[in-house]
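Single-structure report; data block below.
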Amino acid sequence: MKKIAVLVGSMRADSFSRKTANELISMFGDNVEAKIVEINNLPLYNSDLETATPPAAWSEFRNSMKEVDGVLFVTPEYNRSVPAVLKNAIDVGSMPYGNAIWNDLPGAIVSIAQGNIGGFGANHHLRQAVVFLDVHVMQTPEVYLSNIQDMFNSDDKIENQATRDFLKSFTYAFEAWIDRLN
Ligand SMILES: Cc1cc2nc3c(=O)[nH]c(=O)nc-3n(C[C@H](O)[C@H](O)[C@H](O)COP(=O)(O)O)c2cc1C
């Protein structure tokens, strides 16, 4: 059984990123346990708090990430970059020095946007940060979901079959990527 942590770069209750994450979670195969690891409650990274007793939410996040075989990021774009909540999770997970949770983890990135360019800026800024942390990010298929506000029906399902097929093929590719690296 492969465990995949899904990190969502939006705190909004009605977030399209979260809806997309839930759809992707439902598309993985039977031998995958994918679930959202919550990052909304992580205190902003501050090395003054990196004591023998760091914030409980940091420790909980770090511990749950140590158990996974892969990480999937699903994020919107904020001002052509990564939303602060997700960057904060990356920073929290990168410390303390020598104990980063990211080392050698297979990763994949999905960006979403209400506009036409699919969160390209966020996608690639995120790639830059996590590649530095030795996350092995799958290069293709790339996923930039544009016009996300038109994507979901009233049951929060993606309607378009071609989009569903593409996302399903992305989950297959990511499973194979994890297998290659483990
Ligand atoms: C502070 C802020 C900055 C944003 N900047 C961008 C941007 O650079 N590019 C873009 O396509 N959308 C931008 N948006 C729109 C978001 O991508 C859009 O609201 C999206 O639905 C947010 O994701 P969510 O639905 O998962 O919360 C921005 C929204 C906010 C709140």
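Computed from the coordinates by the stated procedures, all read-outs in this text should not be read as laboratory data. Just so it is clear, the structure is predicted and the values come from calculations on it, not from any experiment. As a convention, Cβ positions derive from the backbone with ideal geometry for all residues, glycine included, and neighbour counts pool all protein chains shown.
Some points to look at:
- Antiparallel beta bridges, as assigned by DSSP with both residues in the chain, represent about 10 percent of the total such bridges.
- Distance from the alpha carbon centroid of the range 1-72 to that of the range 78-142 works out to 13 angstrom.
- Note on the chain: helix-only mean residue ellipticity at 222 nm, from DSSP H runs of 4+ residues weighted -39500 (n - 2.57) and normalised by residue number, equals -12000 deg cm²/dmol.
- Of the residues THR171, SER59, PHE16, the one whose Cα sits farthest toward the positive end of the charge dipole of the range 2-181, with +1 on the Cβ of Lys and Arg and -1 on the Cβ of Asp and Glu, is PHE16.
- Percent of C-alpha pairs per 10 Å bin in the chain, short distances first: 10, 39, 37, 12, 2, 0.
- Overall form of the range 1-105 per C-alpha gyration tensor (a/c, 1.5; a/b vs b/c): oblate
- Prolate/oblate/rounded call for the range 86-182, Cα gyration tensor, a/c under 1.5 rounded: prolate
- Dipole of the chain computed with +1 at Lys/Arg Cβ and -1 at Asp/Glu Cβ about the Cα centre; of PHE28, ASN99, GLN114, farthest Cα towards the positive end is GLN114.
- Residue order for LEU105, LEU167, fewest other beta carbons within 10 angstrom first, comes to LEU167, LEU105.
- The lysine pair tally for the chain, using Cα distances under 12 Å and a gap of 8 or more places or different chains, is 4.
- Axis angle, to the nearest 10 degrees, between helix 120-132 and the longest C-alpha principal axis of the chain: 40 degrees.
- Point-charge dipole on Cβ atoms (K/R +1, D/E -1) for the range 52-182, about Cα centre, debye to 20: 280
- Gyration tensor (alpha-carbon) shape descriptor, the range 143-182, a/c threshold 1.5: prolate
- Here the spin labels are modelled as points 7 Å beyond Cα on the Cα-Cβ line, and at VAL131 and MET1 they lie 3.4 nm apart.
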